[in-house]
1. Could you check, for the range 108-121, whether at least one of its residues is among the β-branched types (Val, Ile, Thr) and either open to solvent by less than 20 Å² (accessible area, probe 1.4 Å) or in contact with a Gly (Cβ under 7 Å, 6 or more places away or on another chain) (or both)?
2. Give, as residue ranges, the helices (runs of 4 or more DSSP H) completely inside the range 32-147 that count at least 1 residues that are more than 28 Å from residue 263 (Cβ to Cβ), in contact (Cβ under 8 Å) with a residue 40 or more places away in the chain and among the hydroxyl-bearing types (Ser, Thr, Tyr).
3. Could you say whether any residue in the range 128-142 is acidic (Asp, Glu) and modelled with pLDDT of 95 or more?
4. Which residues, taken from the range 236-260, are of a type in the set (A, V, I, L, M, F, W, C) and either assigned to a strand (DSSP E or B) or buried (at least 19 other Cβ atoms within 10 Å of the Cβ) (or both)?
Amino acid sequence: MKEKQRDVPQTSPLAGYSLPSDQLSNQFVEIISVIHRNQTKPVWCIQTSNLLSDSFLRLSNFLGCDLLLECGAHNAETSRRFVSMGIGNAIAIEANPHTFETLTASSQGAGVVALPFGLGSKVGEMILQIPLDSGTKIPGNASFLSRENDTRCLEIPVPMTTVDRILIDASPFTSIALWIDVEGMSAEVLLGAKDSLEKGEIALIHVEVETHSYWKGQSLLNEVDEFLRTHSFRPILRDFQTETQFNVIYVHTRNLQEIDSICREYWTRLTALRARAFLRKDWTFRDSLRSIKLGLVNRPDLTRTKVLHHIAAALGSRSSRQWLKSSEKLKVFSQDEIGEQPN
């Protein structure tokens, strides 16, 4: 890959994204209007990510992918769904040993193969950095890269492997789907899949990308996009997780014309989300509470976060109950445990 580039300007939320047909011709203005009205609403952003996940699984099934590699699996939700839907086998790879033990490993009871490794461009060992401001050892933003804002981290050595190495051991298979959510390491994971990409073994990729640098030395969207295009992949769909960090689905060019109807359905459903996220039709009391909770807990104040999670859990929030359970099991970091950890 080329020398690291920093921030990538975007002229619109969909700039630079090719689609296999002119399916947006009648909906484009309406969709952009909906996006502009809703891109700061937490619940709407989550809903677009859920839509993209559904489309990824539909595409995996349609394209005959019989193996999923979930890179940065956390609770291995996508792997569980992939197996339960009868699409094929799944391998969930999670680098954080605490997350693996608490969440990822349990997916093995659902027929998923779970592996405790980090993923990168080569086999070896790297230091995983777990941010201390979350108050738990299983945050979703642990990374092998240092954050730009110099967040204090607990550092853990983790064994590294590559996608290519895992696929050699996983053979035989017909077609592979990749799910990559690795906190700034997407480019390195793809470099570690270079042989498989060149052989045409990978048909579909769901990858988290950034247009703003959150980690020091990370590759941004334009670099990831250029690398995948050189291997005959094209972006077809994206969500709107945040303005500068979101997920993109890439598909091999040999399959572009076959998937038009699935892509068209995604954009139709995305437009329809205005009923819940903007006009507030069918908006439930729980939706309102969830929106308020998300807007408040995603801040660095740990004490306030714990109080809000307790309140949300009492009102029925499963995600808050899970957060509190993990914090109780693993305990919030004490000063003795933190010690003199480097930034």
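1. Filtering the range 108-121 for residues among the β-branched types (Val, Ile, Thr) gives 112-113.
Checking which are either open to solvent by less than 20 Å² (accessible area, probe 1.4 Å) or in contact with a Gly (Cβ under 7 Å, 6 or more places away or on another chain) (or both) leaves us with 112.
Within the range 108-121 (the criterion being among the β-branched types (Val, Ile, Thr) and either open to solvent by less than 20 Å² (accessible area, probe 1.4 Å) or in contact with a Gly (Cβ under 7 Å, 6 or more places away or on another chain) (or both)), the answer is yes, since at least one residue qualifies.
2. Details: elements: 42-62, 77-84, 97-102.
Answer list for the range 32-147: 97-102.
3. Initial filter on the range 128-142 (acidic (Asp, Glu)): 133.
Narrowing the set further to residues that are modelled with pLDDT of 95 or more leaves none.
The answer is no, given that none of the residues of the range 128-142 is acidic (Asp, Glu) and modelled with pLDDT of 95 or more.
4. So the first thing to find is which residues in the range 236-260 are of a type in the set (A, V, I, L, M, F, W, C), and the list is 236-237, 240, 246, 248-249, 251, 256, 259.
Listed by number, the residues that qualify are 236, 237, 240, 246, 248, 249, 251, 259.
Residues are listed down the side, and each one gets a yes or a no for (1) modelled with pLDDT of 90 or more; (2) within 26 Å of residue 65 (Cα to Cα):
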{"site": "232", "(1), (2)": "yes, yes"}
{"site": "252", "(1), (2)": "yes, yes"}
{"site": "265", "(1), (2)": "no, yes"}
{"site": "269", "(1), (2)": "no, yes"}
{"site": "303", "(1), (2)": "no, no"}
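One line per residue, one yes/no per condition, for (1) in contact with a Ser or Thr (Cβ under 7 Å, 6 or more places away or on another chain); (2) free of Cβ contacts under 8 Å to residues at least 60 places away in the same chain; (3) within 30 Å of residue 271 (Cβ to Cβ):
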site	(1), (2), (3)
180	yes, no, yes
191	yes, no, no
195	no, yes, no
216	yes, no, no
227	no, no, no
240	yes, no, yes
247	yes, no, yes
252	yes, yes, yes
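The values are calculated or read from the model by the stated rules, or taken from the named source; none is laboratory data. This one's a predicted model, so the numbers in the text were calculated from it and none came from an experiment. Quick reminder, even Gly has a Cβ in these numbers, built from the backbone with ideal geometry, and neighbours come from all protein chains shown. Side chains are part of the model used for accessible areas, which takes the heavy atoms of the whole protein and leaves out ligands, DNA and RNA. Shrake-Rupley method; radii C 1.70, N 1.55, O 1.52, S 1.80 Å.
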